[in-house]
Amino acid sequence: MKVNLSSEQVSKTNSSVVSEFVFLGLSNSWEIQIFLFCFSCFFYVSSLTGNLLIVITVTSDPYLHSPMYLLLANLSVIDLIFCSIAAPKMMCDLFRKQKVISFGGCIAQIFFSHAVGGTEMVLLMAMAFDRYVAICKPLHYLTVMNPRMCILILVASWTIGLIHSSAQMAFIVNLPFCGPNVLDSFYCDIPRLIKLACTDTYRLEFMVMANSGLISVVAFFLLVLSYIFLLVTLQKHSSASSSKALSTLSAHITVVVLFFGPLMFFYMWPSPSTHLDKFLAIFDAVLTPFLNPVIYTFRNREMKVAMRRLFRTLLAVRKTT
Ligand SMILES: *[C@@H]1O[C@H](CO)[C@@H](O)[C@H](O)[C@H]1NC(C)=O
């Protein structure tokens, strides 16, 4: 199968097939590279620690076994995977002269980042739905958001993420690559990869923009509209509980903006060759996964109390052993 494919590509393009890609990286300046390394390292390690802490706190604390926190813990798992797709290789590559990735590695980066990104998108929508039920139908909250519903949401989000990612794969796996193999980036993404293919990719670029770009724009506006609707609903009954709901909502909205902002920029902006683009990519790769736990934990009293409880338990265990 593989042999057939490559021989077909060779006959079509009449030249050799690209088996690896070279990243140009972020900058040639030594100072900037050191800065980027420290910056990414710090935020990568903090993302891992913060998200791991959320997962451990939520799973170990029975008080946090409500749908909202279980979905949040699942979001943290997704962030853990997401920040480990491109960032570790980027950090190792920073000080290498030749930053090379195999063809398969490149495809894998694209597949996993789209699968995980798509899943996160659906999960963010599910979290908005969860807040909708909690605020507009509080009496039905526990019957609507029952454990089966939560499992269903999870299965649906991973399924949709995988379908989205496989659909993107269908566009690119059969592309012939024969010419230049240099990506002006530090990770593989579809818009740049397509530009290297030796066919007319105009229609393909349009398809990808329609698939990834349109999905993220539509999802973003749906989410923003639903949060505006929730904020307006909250305004009507002002009480003590609504100020807590307000702080939860603002945390959700911040996360949504941080997640979708860079995405929409990547897929809707016509020229992906600016420096801003690359720095935004770092932001998306390590900073957004780091900010999720910060936003959710530092601003959330229940979460802080649970973490304190967890630390106290851990200390007690250490003392007794
Ligand atoms: C994800 O959500 C499911 C369903 O609510 C829950 O059972 C599971 O514990 C959550 N995962 C984590 C890591 O908390």
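The values are calculated or read from the model by the stated rules, or taken from the named source; none is laboratory data. Bear in mind that the values here come from a model prediction, so they are computed numbers and not experimental data. Glycine also receives a Cβ, built like all others from the backbone with ideal geometry; neighbour counts cover every protein chain displayed.
The residues on offer are LEU71, LEU94, LEU75, and the sole one that is in contact (Cβ under 8 Å) with a residue 24 or more places away in the chain and under 28 Å from ASN28 (Cα atoms) is LEU94.
When the residues of the stretch 134-151 are filtered to those that are within 16 Å of the ligand (Cβ to nearest atom) and outside any helix (DSSP H, G or I), the one that is farthest from the chain's Cα centre (by Cα) is ASN146. Scanning the stretch 104-116 for residues that are in contact with a helix residue (DSSP H, G or I) (Cβ under 6 Å, 6 or more places away or on another chain), within 16 Å of the ligand (Cβ to nearest atom) and not hydroxyl-bearing (Ser, Thr, Tyr) turns up at least one hit. Helices (runs of 4 or more DSSP H) fully within the stretch 152-269 that include at least 2 residues being surrounded by 19 or more Cβ atoms within 10 Å (Cβ to Cβ): 190-196, 215-236, 240-268.
For the criterion of being surrounded by fewer than 22 Cβ atoms within 10 Å (Cβ to Cβ) and assigned to a helix (DSSP H, G or I), MET125 passes. I'd like the full set of residues that are out of contact with any helix residue (DSSP H, G or I) (no Cβ under 6 Å at 6 or more places or on another chain), modelled with pLDDT of 85 or more and of a type outside the set (Phe, Trp, Tyr), limited to the stretch 198-225. Hits for the stretch 198-225 are VAL218, LEU222, VAL224, LEU225.
Only one entry of LEU70, LEU48, LEU75 meets the criterion of being within 15 Å of the ligand (Cβ to nearest atom) and over 27 Å from VAL133 (Cβ atoms), and that entry is LEU48.
Residue by residue, here is whether (1) in contact with a Lys or Arg (Cβ under 8 Å, 6 or more places away or on another chain); (2) farther than 23 Å from ALA281 by Cβ holds:
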residue: ALA156; (1), (2): no, yes
residue: GLY161; (1), (2): no, no
residue: ALA170; (1), (2): no, yes
residue: CYS178; (1), (2): no, yes
residue: LEU183; (1), (2): yes, no
residue: ARG192; (1), (2): no, no
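For the stretch 83-103, the criterion of being polar (S, T, N, Q), surrounded by 16 or more Cβ atoms within 10 Å (Cβ to Cβ) and assigned to a helix (DSSP H, G or I) is satisfied by no residue at all. The residue that is farthest from the ligand (Cβ to nearest atom), counting only those in the stretch 152-175 that are at pLDDT below 90 and small (Gly, Ala, Ser), is ALA170.
Residues that are touching a helix residue (DSSP H, G or I) at 6+ places or on another chain (Cβ under 8 Å), without any contact (Cβ under 8 Å) to a residue 12 or more places away in the chain and closer than 17 Å to SER242 by Cα within the stretch 130-140 comprise just one, LYS137.
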